[in-house]
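Accompanying notes for the structure given below.
Quick note: the coordinates plus some simple rules give every number you see, no bench work behind them. Computed from a predicted structure; not experimentally measured. In this analysis, Cβ positions are derived from the backbone assuming ideal geometry, glycine residues included, and neighbour counts consider all displayed protein chains.
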Amino acid sequence: MKLFIKITLIIFYLSINTSGQAQKTFDERALGSWEGTGTLFGMEAQFSMKWERTLNGKFLKLTFQNQFKDQRGKERVMDAHGYYNTVNGKGQWLDSRGQVLPLLLSMDRKTLKVFWGDDNTEQGKTIYMIVGKKMAVEDYVMKDGLLSPFGKAEYVKVKSEK
């Protein structure tokens, strides 16, 4: 009987801990630094990103970089910052190309969908999806009224240096 009670308590304890983790939203799960590999414009690419809370916790900030060699072998690097207000579903993207893009967001427990741009800028969509301990990212740009894929990466979280 004592063994049964111990096993029941262990199962109860584990279910509380795992259900608490499962209930975290995307923004809670994304926090930290990530490194990734994938493709960009059909070329192999390296990616890094860091998600953190900023401005009194009102915004989720993404610091992002991609690197790839173009068809001529020239190294290309783009740096960017994204500011996401997960309460009102809006944000801003600023990058080293000089682009400033408005963002519209949709978020659940494992996915952040970002629609970027407007009638005066380039437009597209980025999908961030956390599956287990990895994050998959897919990028699309609007061409002739259709979303066309241009980037895809898989990231792993970098251990903190504490």
Greater than 26 Å apart at Cα, pairs in Lys113/Lys157; Lys58/Lys125; Lys69/Lys90: Lys69/Lys90
Cβ-defined net charge surrounding Leu112, 12 Å radius [Lys, Arg +1; Asp, Glu -1]: +1
Semi-axis lengths (Å, descending) of the ellipsoid that matches the C-alpha gyration tensor of the range 25-157: 22, 18, 14
In the range 53-162, the GluC sites (Glu not before Pro) that fall in loop regions by DSSP, at most 15 other Cβ within 10 Å: Glu122, Glu161
Simple spin-label estimate for Leu104 and Gln67 in nanometres, 7 Å along Cα-Cβ: 3.6
Amide proton proximity set for Lys90, modelled H, under 5 Å, gap of 5+: Asn85, Leu105
